[in-house]
Every structure is written in C-alpha cells, then in structure tokens.
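In what follows, a structure is listed as structure tokens, so that the remarks can point back to it.
The values are calculated or read from the model by the stated rules, or taken from the named source; none is laboratory data. Since we're looking at a predicted model, the values are computed, not measured. We place every Cβ from the backbone using ideal geometry, glycine too, and count neighbours over all the protein chains shown. The protein model used for the area step is the full one, side chains on, heavy atoms only, and it has no ligands, DNA or RNA in it. Shrake-Rupley method; radii C 1.70, N 1.55, O 1.52, S 1.80 Å.
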Amino acid sequence: MKESVDGRTPLDTNRLRLSKVKSTAAGVPAAISSMNHGIRKMGVTRTVQSLLMVNQKHGFDCPGCAWPDPDHRTSFEFCENGAKAVADEAMKAKVNASFFEHHSVADLLNQSDYWLNSQGRIAQPMILESNATHYTPIEWDDAFKRIASSIESMESPERGVYYTSGRTSNEAAFLYQALVRALGTNNLPDCSNMCHESSGKALTQTIGIGKGTVHLEDFNHSDLILVIGQNPGTNHPRMLTALRDAKKKGAKIISINPLPETGLKRFKHPQDYMTGDVKSTQLADLHVPVRIGGDAALLKGVMKQLLAMDAIDRNFIASKTESFEEFESALTAQNWQQIVDDSGIDREVIHEVAQMCADSKATIACWAMGLTQHKNGVAVIQEVVNLLLLGGHLGRPGAGVCPVRGHSNVQGDRTVGIWEAPSESFLVKMEQGLKFEIPRKHGYDVVHSIHAMEKGVVDVLICMGGNFLSATPDTPRTAKAIQNVGLTVQISTKLNRSHLVTGKTAMILPVLGRTEKDVQSTGEQFVTVENSMGVVHRSKGNLKPVSNGLISEPYLVARLGQLLCPDVLDWISCTDNYDAIRDLMSTSLYGFEHYNERVRKPSGFLLPNPPRDSGQFSTSTGKALFTVHSLPNVTLPQDRFVLMTIRSHDQYNTTIYGLHDRYRGVHGNRRVLFMNALDMSQYGLKTRDVVDITSHFQGTKRHSKQWIIVPYEIPRKNLAAYFPEANELVPLESTAIISNTPTSKWIEVTLTNPADSLEEE
Ligand SMILES: Nc1nc2c(c(=O)[nH]1)N[C@H]1C(S)=C(S)[C@@H](COP(=O)(O)OP(=O)(O)OC[C@H]3O[C@@H](n4cnc5c(=O)[nH]c(N)nc54)[C@H](O)[C@@H]3O)O[C@H]1N2
Ligand SMILES: Nc1nc2c(c(=O)[nH]1)N[C@H]1C(S)=C(S)[C@@H](COP(=O)(O)OP(=O)(O)OC[C@H]3O[C@@H](n4cnc5c(=O)[nH]c(N)nc54)[C@H](O)[C@@H]3O)O[C@H]1N2
Ligand SMILES: [Mo]
C-alpha cells in the first residue's frame, strides 16, 4: 500500500536532466509552451476558441489562479500556466466505462499521478462497489439515491464530511453549504484550511477582515512591494505583469525567499515581442535569502531598525491603532543576535530593507504559502501587519496587505459559506435568507476530518472537487483513515489518486468544467467567482462539454438536496435559472444585495472592504491591532535539515502536467531534493546521489525512499522537494497555531543513503 499511495514517478536517475537555472521568466519559451500544451491536448480549434475567452469580460474565469484581471484587457489575458490549466480541462473525455473495464483499481494505483491525469476527462458516473476490483458505470439517478440513503442512515449528521476545493463557483458552493447545513452540520473542510487559513485568521484579528486590502490599481501607486514566501513566476504569472508595470512607474521590489525564484529576477511579457520590444525588465531590486522559517526574525529586525531610525508614522499609530506600546517595548527587548541567527540575514541587509521601507510612502506586502504553512503562520503574518501599521500603510492608495490566493475561487467559496467555523453574525444572516435553522457547533477542518476518519466516526465523505488524499499531509496514514469511511464520493473532472484510495464503496461523479457551456432548462447559464482582491464577476464557459454524461455542480447539489431535504428549498427551480440561486445569496450574505444586477456589470463589483474603502477597521475597538509574538524555535539539532515542499512549474497542486521545472533547470524527474552544495560536500553527497528521507516530529518518524540530490542556491540546512510526492513526510499533528494549517514548509528531516539504511535493517 505504502508504495502506491504517494503518486511517485519512477526513479530513473538517467531521465533527470539538469540545466542552468533561468534568469528571465516568461518570454518566448512561455508562449511556445502554452500553445504546445493547448494544441497537444485539445487541438488547434479548441485552443484558439478557449484561449481567446480566458478572463475576458464575457468569457470564463481562468481556472489557474485567483490573480485579478485588469480593467483594460488585451485579447491575451492569460499566462503560460493558465493556458496549461485550460488545456488540461479541455482534454478529450476518455476515462469512461471501457477505460475502467481495462484498468483495475490496483493497476491504476501503480501509475504515476502524471499518467493518471493525462488519461483525459472523466466521461460518466462510476461506482466502486464494496470489495470490487473495478469501477463500473452507474446511472445518475441511482448514484443520487445511493448517496442519499447512505446519508439518511447515518446515526448523526456529524458523521458526514463535505470537502470543497477552490475551483467551485459561488453558486455551487452556496447551494452545497446550504445542503450541508440543512443536513445538520458545519463539517465543511476546504482546501483553504491547507492554504491561506493562516492569512484569514491573522488579518481578521488585527484589521477586522480576513482578506487583502489592495486592488490591482494599487500596484500602480506603490513605492515598495514586498513579495514574501511566494513564487509568482510559476504560481501567479500574471502578477509579474503587475509588478513590471509598478516597476515602470518607479516602485521598488524586495523578494524575501530562501530560493532566488526566476520570476522575481527578470520578466519579459510574451506579448511585447509583437510590438518589437525585446527588452526584459529586472523585477526585484533586492533578494533577501531568508532561511526557511526565518521571516519572523527578519521582520522584527526590519521593524527594530525602523524604530531606531524613528521612521514610523506616529499620527497613524496614534489615531488608527492600539497596543503599540506593548509592541514597542517587546521589540526593544529583542536582541539583534537572535534576529541575525534565526533569519540568516546580516544586519547590513536588514538595514537596507528598513531603509527601503522608510523611503516608501506606500508599501504593499504580498505573500503566499512560504508564510502560511508554518507553525507560526498566523503570528508571522501578523508581523507583516505590524510592519505595515508602523508606516501607516493600510487604507492608503498604493499600500496594504495582499495575501495572494491560490485556487481561482477559493476566496469566493469562503465568502458564500464554505466555512467549518462560521461566525454567529454570518449564520444569523444566512438563516434570514435560507429560512431554516442552522446548527451552531463548529465542524471539522481538513486535519480534524482526517482524525475523525482515523477514529472511524465518519460514514460519508463527499468531495466537491480536489484531491483529498494527495493534498493532505501524512499520505499513508490519511489513506488508511479514508479506507475506514463507508462511502466516499469524488465530484471531479480528472482522474486522481483520491479515486483509487477510497471508502468501502466509492463513486466518481464527473462534472462540467469552467471552460464548458452550462445549459439548464431555461438556457445557457453563467456562474460567479471572487478573485484574490475581492472583485466578484461572471464566468461563462464557451466550449462544448467533452461528454454528454456531465452535469453542472449546482445541478448535482440540487438533485441531492431534492432527495435529502425537499422542504427547505425549491432546489430544482433554483438551478433551472441560476439567477434564483443568486437571489437567495442576496438575502443570505452581507455585501451581496442586488447581486444579480451588480454581477452583470462587465467588470463585476467589489465586495465591501472597510480598511480599503474608508480606512476603518472592523475590530472590536474599531482600531487595527499591533500584536506581540515571541520568535519560533528554529534551531535544528545536529544533522537535521528543514524541508519545504514546493510546486514545480509543470503542476497544478496535485495535478502533474509534466515532469519539468523549467525555471529551476530540472527536467524529466520530480523526485529531486534541492540542497546547498556546501551541505552536500559536508555530508559527502554528490549530484544525483540517491537518499532516503526521514522526518521527525515529537518522537515519531516518517520515511520516504529514494530522492535524487540536486545542488541548488538554497540556504544551508534547508532542503526543498515537490508536493505532493513529499506529503508522506508531513506529520498530521504538525499544524499552525490557531489556523491548524499543516506545516508543509517546515518538516524536520534527516537523510540516509539507501545503502546505509539497508545495513540498519
Ligand atoms: N501553475 C500553478 N499555479 C498555481 C498553483 C500550482 O500548483 N501551479 N497552485 C495554486 C495554489 S492553490 C496556491 S496556494 C498558490 C501557491 O503559490 P506559492 O505560495 O507561490 O507556492 P509554493 O510553491 O508553495 O511556493 C512557496 C514559495 O515560498 C517559499 N518559501 C518556503 N518556505 C519559506 C519561508 O519559510 N519563508 C519564505 N520567505 N519563503 C518560503 C518557497 O521557496 C517558494 O518560493 O499558487 C496557485 N497557483
Ligand atoms: N505538502 C504540501 N501539501 C499541500 C500544499 C503544499 O504546498 N505542500 N499546498 C496546499 C494547498 S495551498 C492547497 S490549495 C491544496 C490543494 O488541494 P485540492 O484543491 O484538494 O487539490 P487539487 O490538486 O487542486 O485538485 C485537483 C483535482 O480537482 C478536480 N477538479 C479540477 N477542476 C475541477 C472542477 O472544475 N470541478 C470539480 N468538481 N473538480 C475539479 C480534478 O479532478 C483534479 O484531479 O493542497 C495543499 N497541500
Ligand atoms: Mo492553495
């Protein structure tokens, strides 16, 4: 079992090719790569048809990431990796009854994640009966009846768990949470629990809203942009355009990252070649190679220096914030040596950062998983808030916090109710709209759900998208936990490992993707999504669905609702015309008044955001809060390293598009372990040596075999490997304080070479 749950690619060291790390992102290779992916997977016509509609006002929202669209759009409003996401969704539907007839689940488990995804779209609903070796077809009606009867026979509603991944539209997510709450539980874990949960928690406590406060236009008015723990060249390529434009208007950029990520060095917009402009733009003015987990120390250093220089906005602090005195005295007591040791950054560089902060009248701080997936994820983000508060950089044009979201609608899903720990005021409003009583007890998040499955107290797991098994930590253990569940249902577009490691009975229910036409009884529908900056807008697919066997996510939820709780909503007429769902959202959600009307504006509308709109903070005192946190313990025992799990350029989370990581110069193999060359020489390791990794957490060990060493510019004692292959090393109990996010960027490990470990056994 252990060998087959981790999605490994075959360890063939000969297939690994190493090339020079790229210094410029995008450019011609990116344009070629996106066209090639498209044409190979969906043919020329669909490539042109689909790519010209990505992120257009009347087109569909790119399923790639949550980066917003500019008001004045070109006809190429997509990036290389967005194009890959589109091509991947628009692939032919070949995963059908005959596919499953030819491949048993056991056979499929021996295939890599890359192979599974490349088989094409799932064409029809399938069921894996208890003890069966193969999936067999099931009619939609029967599938709904079987699910409803499993849910109805549960002893209590809490024995059902309902996961959501962040591609789900607002309409589908809203109906889904209504159904789950009507069933009597708040068990609504989502991918956000593993992603920006730390950001939401950190910001709600300090500035009164769990979202970013900047708009795309702010980038054009900023003096300084900090990009912390984020790799936009790969994960948010369109952000590079915003950074380039900001640069042209005079902004400075600082990148804070253990790795010198290519996208932050130089950037070339592929479109510029058409206008004869061949120059690339240098992006980061300063790269600060902080140690993994060293950001809190670094930020404290910068703030200590700003205090020493008296480069702070005392008016803002006095009128808009509280708890500054406690903050100031704690920072004064913090010693410099620990700051330098823990961050791995010299005082001169810290001064340089502080000077750039002091010179800026408008600073934006962007971040992503490099901050959130740490034990102190919430605290370190609150240090970012402290830094901005010191200079008054909230509620001012060109300034603010910018957590850069991942999945294209992860922020919207939370706004409309995918939330396992909803606030009282949120539920009161929801009850006003839905007109039924909602339970108050908080539900399971992702990690709690796995614990519950492990304990055997979950009968039904339904996943609205995503890949629960591979995205979550501790893979072999999570696999076992899932196998305790009675029925697991995956609502999916593409084949993944969660279809193969299942509950006693399992179903795959295939749905329409973002790019496809959604026709209901009253005609073609559109859905709505919210981007990373709180803009809500329409998304409408234009491609012919890849199979007649597909239904839409909202309709799927409505069919279940009709069977399980027909009295609470008129489920089916809601989905005849999605305007009815949106009318319901208008009365059930704050800020959604006249939703149908406002969302029809070509660029959508902005949700309320008090810090941005009026410089107000909706905290209990109406002021933004300075917070004090002690530094996390980042000292490593001798011979231990810290491992971060990161994304390659050819993947979308657990979906592996290819085996290359072009910018980092790694080709043909994903089982690589990036290591500092000095550490390699200290431990007698050479390039392409193969090692086994053991992670250590509170006396427990987890093992992962066969990783190929690749020398890389990474701080000493720091290592990096790709997610999801490395997830078997992430301990389920190792989570962030308050947000409970798995610490996927801080895994303490030792390395052994396979020959030694054989001797040990
Ligand atoms: N093409 C593509 N686009 C995507 C995704 C994808 O998989 N593929 N995933 C989407 C999703 S869901 C998300 S959440 C985002 C993720 O976007 P990112 O957060 O950019 O993704 P990661 O690869 O996890 O990269 C984290 C970065 O943090 C750095 N880092 C790690 N530890 C630390 C630390 O302790 N301190 C600092 N300062 N830096 C650190 C790493 O070197 C790396 O550059 O991207 C979204 N967009
Ligand atoms: N070690 C480690 N673990 C991590 C991370 C990390 O950095 N390191 N990152 C975490 C983060 S930030 C996130 S967001 C999670 C991601 O966790 P998930 O969101 O659960 O995972 P994805 O890989 O994005 O899900 C891919 C699957 O979604 C389905 N899918 C795609 N589009 C659609 C659609 O339109 N509708 C439906 N119904 N299904 C669709 C396809 O079947 C595809 O196989 O992983 C987390 N796990
Ligand atoms: Mo994410």
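Residue by residue, here is whether (1) open to solvent by 10 Å² or more (accessible area, probe 1.4 Å); (2) away from ligand 2 (no atom under 16 Å from the Cβ) holds:
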| position | (1), (2) |
| --- | --- |
| GLU326 | yes, yes |
| LEU371 | no, no |
| ARG405 | yes, no |
| PRO422 | no, yes |
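So, in segment 432-485, of the ones that are charged (D, E, K, R) and away from ligand 2 (no atom under 16 Å from the Cβ), which residue ends up nearest to ARG159 (Cα to Cα)?
Applying the first criterion (charged (D, E, K, R)) to segment 432-485 yields 435, 437, 440-441, 445, 454-455, 459, 474, 477, 480.
From what's left, away from ligand 2 (no atom under 16 Å from the Cβ): 435, 437, 440-441, 454-455, 459, 480.
Details: LYS435: 24, GLU437: 19, ARG440: 16, LYS441: 14, GLU454: 12, LYS455: 11, ASP459: 5, LYS480: 17 Å.
Within segment 432-485, the match that is nearest to ARG159 (Cα to Cα) is ASP459.
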Checklist outcome for this item: The correct count of residues that are buried (at least 24 other Cβ atoms within 10 Å of the Cβ) and among the polar types (S, T, N, Q) in segment 574-595 is 1
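Is it the case, given these coordinates, that SER153 is away from ligand 3 (no atom under 16 Å from the Cβ) and surrounded by fewer than 18 Cβ atoms within 10 Å (Cβ to Cβ)? Break it down stepwise before answering.
On the way: away from ligand 3 (no atom under 16 Å from the Cβ): yes; surrounded by fewer than 18 Cβ atoms within 10 Å (Cβ to Cβ): yes.
Against the criterion (away from ligand 3 (no atom under 16 Å from the Cβ) and surrounded by fewer than 18 Cβ atoms within 10 Å (Cβ to Cβ)), SER153 qualifies.
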Item to check | Unique residue being outside the structural domain of ALA721 (by TED's automatic domain parsing) and of a type outside the set (Lys, Arg) when the list is SER620, SER681 | outcome: SER620
Next on the checklist: Just to be sure I understand, how many residues within segment 186-236 are closer than 25 Å to ALA471 by Cα and among the charged types (D, E, K, R)?
Outcome noted: 4
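Out of the residues in segment 550-578 that are in contact with a strand residue (DSSP E or B) (Cβ under 9 Å, 6 or more places away or on another chain) and over 26 Å from PRO137 (Cα atoms), state the one that is nearest to ligand 2 (Cβ to nearest atom). It would help to see each step written out before you state the result.
Step one: filter segment 550-578 for residues in contact with a strand residue (DSSP E or B) (Cβ under 9 Å, 6 or more places away or on another chain), giving 550-557, 559-560, 575-578.
Those still in the list that are over 26 Å from PRO137 (Cα atoms) too: 576-578.
Working: ASP576: 21, ASN577: 21, TYR578: 16 Å.
Checked segment 550-578; the qualifying residue nearest to ligand 2 (Cβ to nearest atom) is TYR578.
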Checklist entry - Checking LEU226 against (1) in a helix (DSSP H, G or I); (2) more than 16 Å from ligand 2 (Cβ to nearest atom); (3) over 16 Å from GLY377 (Cα atoms), which test does it fail? => result (1)
Checklist entry - Mind checking whether some residue in segment 675-686 is closer than 18 Å to SER648 by Cα and within 15 Å of ligand 2 (Cβ to nearest atom)? => result no
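Can you name the strands (runs of 3 or more DSSP E) wholly within segment 470-529 that have at least 3 residues being out of contact with any Leu (no Cβ under 6 Å at 6 or more places or on another chain) and open to solvent by 10 Å² or more (accessible area, probe 1.4 Å)?
Numbers: elements: 487-492, 505-510, 518-520, 523-525.
Fully inside segment 470-529 and qualifying: 523-525.
I'd like the full set of residues that are under 13 Å from ARG181 (Cβ atoms) and either in contact with a Lys or Arg (Cβ under 9 Å, 6 or more places away or on another chain) or not in a helix (DSSP H, G or I) (or both), limited to segment 432-454. I'd like the intermediate steps shown before the answer.
Kept after step one, since they are under 13 Å from ARG181 (Cβ atoms), are these residues of segment 432-454: 433-443.
If the condition is that a residue be under 13 Å from ARG181 (Cβ atoms) and either in contact with a Lys or Arg (Cβ under 9 Å, 6 or more places away or on another chain) or not in a helix (DSSP H, G or I) (or both), then LEU434, LYS435, PHE436, GLU437, ILE438, PRO439, ARG440, LYS441, HIS442, GLY443 are the ones that fit.
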Checklist entry - Restricting the search to segment 156-189, which residues are closer than 18 Å to VAL460 by Cβ and within 16 Å of ligand 3 (Cβ to nearest atom)? => result TYR163, THR164, SER165, PRO189
Checklist entry - Looking at segment 660-699, which of the residues that are in a loop (DSSP other than H, G, I, E, B), in contact (Cβ under 8 Å) with a residue 12 or more places away in the chain and farther than 24 Å from ASN235 by Cβ is most open to solvent (accessible area, probe 1.4 Å)? => result GLN698
Checklist entry - Is it true that some residue in segment 107-123 is closer than 29 Å to LYS455 by Cβ and open to solvent by 60 Å² or more (accessible area, probe 1.4 Å)? => result no
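Residues that are within 13 Å of ligand 2 (Cβ to nearest atom): list the helices (runs of 4 or more DSSP H) wholly contained in segment 82-198 that include at least 2 such residues.
Details: elements: 97-102, 105-109, 113-117, 140-152, 170-183.
Filter on segment 82-198 gives 113-117, 170-183.
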Checklist entry - What number goes with the only condition from (1) at positive phi; (2) open to solvent by less than 30 Å² (accessible area, probe 1.4 Å) that TRP571 does not pass? => result (1)
Checklist entry - Among the residues of segment 199-215 satisfying the criterion of being aliphatic (A, V, I, L, M) and in a helix (DSSP H, G or I), which is surrounded by the fewest Cβ atoms within 10 Å (Cβ to Cβ)? => result LEU203
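Where residues in segment 231-265 are charged (D, E, K, R) and more than 10 Å from ligand 1 (Cβ to nearest atom), which of them is nearest to ASN653 (Cα to Cα)?
To start, the set of residues in segment 231-265 that are charged (D, E, K, R) comprises 238, 244-245, 247-249, 252, 261, 265.
Next, from what is left, pick out any that are more than 10 Å from ligand 1 (Cβ to nearest atom): 238, 244-245, 247-249, 252, 265.
Values: ARG238: 18, ARG244: 26, ASP245: 28, LYS247: 30, LYS248: 32, LYS249: 34, LYS252: 30, LYS265: 24 Å.
Among those residues, the one meeting the criterion is ARG238.
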Item to check | Residues of segment 630-659 satisfying the condition of being away from ligand 3 (no atom under 16 Å from the Cβ) and either in contact with a Pro (Cβ under 8 Å, 6 or more places away or on another chain) or open to solvent by 40 Å² or more (accessible area, probe 1.4 Å) (or both) | outcome: SER630, ASN633, THR635, LEU636, PRO637, GLN638, ASP639, ARG640
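Take ASN315 and tell me if it is part of a helix (DSSP H, G or I) and open to solvent by 30 Å² or more (accessible area, probe 1.4 Å). Let's see the steps before the verdict.
Details: part of a helix (DSSP H, G or I): yes; open to solvent by 30 Å² or more (accessible area, probe 1.4 Å): yes.
Spelling it out, ASN315 is indeed part of a helix (DSSP H, G or I) and open to solvent by 30 Å² or more (accessible area, probe 1.4 Å).
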Checklist entry - Can you tell me which residues in segment 600-609 are closer than 20 Å to VAL214 by Cα and either open to solvent by less than 20 Å² (accessible area, probe 1.4 Å) or assigned to a loop (DSSP other than H, G, I, E, B) (or both)? => result SER603, GLY604, PHE605, LEU607, PRO608, ASN609
Next on the checklist: Tell me whether segment 31-40 contains one or more residues that are at pLDDT below 70, touching a strand residue (DSSP E or B) at 6+ places or on another chain (Cβ under 7 Å) and either within 16 Å of ligand 1 (Cβ to nearest atom) or in a loop (DSSP other than H, G, I, E, B) (or both).
Outcome noted: no
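If you check GLY466, GLY377, which single one turns out to be under 23 Å from the mean Cα position of the chain (by Cα), at positive phi and crowded, with 24+ Cβ neighbours inside 10 Å?
Unique residue meeting the criteria: GLY466.
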